[in-house]
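To start, the structure under review is shown below, and the notes come after it.
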Amino acid sequence: MSEIEPSKNTVPAEVFSNIANEVAKAVAMLYGVDPITSSAIGGFAAGVTKSLPLQLVERIARLRAARINTAVGEALKSGVDPEEFISLALNDDRKLELLARAMEAAQKTVEDQRVKFYGQIAAEGILAADAAIVDESQRILSTIASLEPSDLKIFLHMRTAENWSKYHHEGGSRTLAIELPELSPVLDSSLARLEALGLATSASEGGLSFGTFWRITKFGELCLKKLLNDYKKYDQSN
């Protein structure tokens with residue numbers, strides 16, 4: 001077999017991209033959207049390696065289709081007619097981008113609860129009459145989508161503190177490293193990401209022996225308010 005001859009049971013990246021594109025359109029069609037409108041929301045699939053085993057591609061396509069289906073279903077729980085919902089997005093570039101990013105984030109997310117959140121936040125922005133709410137939804141979605149599972153677990157855990165100083169990094173009787181020992185190796189990285197995204201902020205108190213203290217920001221509280229509508233399993237305060 002020559003170097004350029006495709007091996008058995010493989011498909012080129014272009015085919016995979018087309019599959020992902022068709023997944024998005026198929027979900028739209030599932031909810032009664034006409035073919036032309038459905039085509040408009042496709043085309044956001046990322047590139048992959050030059051070739052992948054056919055079985056792997058099919059498995060990825062099925063998983064991503066299911067996640068997009070879940071997110072779209074959650075968005076349509078708002079009660080709006082599916083065609084009207086898509087039309088609202090198509091008539092506003094901000095809303096169309098919000099929908100595309102929500103579907104893209106959903107198809108790449110393993111956790112079902114976060115997939116549902118993407119549908120909810122997309123619906124909130126798309127159905128909003130105020131452009132500021134659309135922009136807010138976009139920022140919240142992009143921020144939460146940027147979090148790794150460990151980042152999200154730490155972020156949600158921090159809200160259980162009676163006051164922010166209880167969540168210092170080193171020293172003391174109540175620290176993130178003690179309460180989440182399984183995440184201790186990635187704690188520095190996760191806290192840095194949370195701070196960079198504006199979800200948490202840090203300060204040093206009592207000298208180096210007390211380490212760095214962390215608290216959730218106002219923007220972080222806003223994101224939590226949106227997330228906890230569907231993240232009850234993480235709510236450890238009750």
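Per-residue SASA remark: GLU195, around 70 Å² accessible (1.4 Å probe; ligands, DNA and RNA not included).
When nucleic acids and ligands are ignored and a 1.4 Å probe is applied, THR201 ends up with an accessible area of around 40 Å².
The values are calculated or read from the model by the stated rules, or taken from the named source; none is laboratory data. Since the structure is predicted, the reported quantities are computational estimates derived from the model, not experimental observations. Heads up: the accessible areas ignore ligands, DNA and RNA and are worked out on the full protein's heavy atoms, side chains in. Shrake-Rupley method; radii C 1.70, N 1.55, O 1.52, S 1.80 Å.
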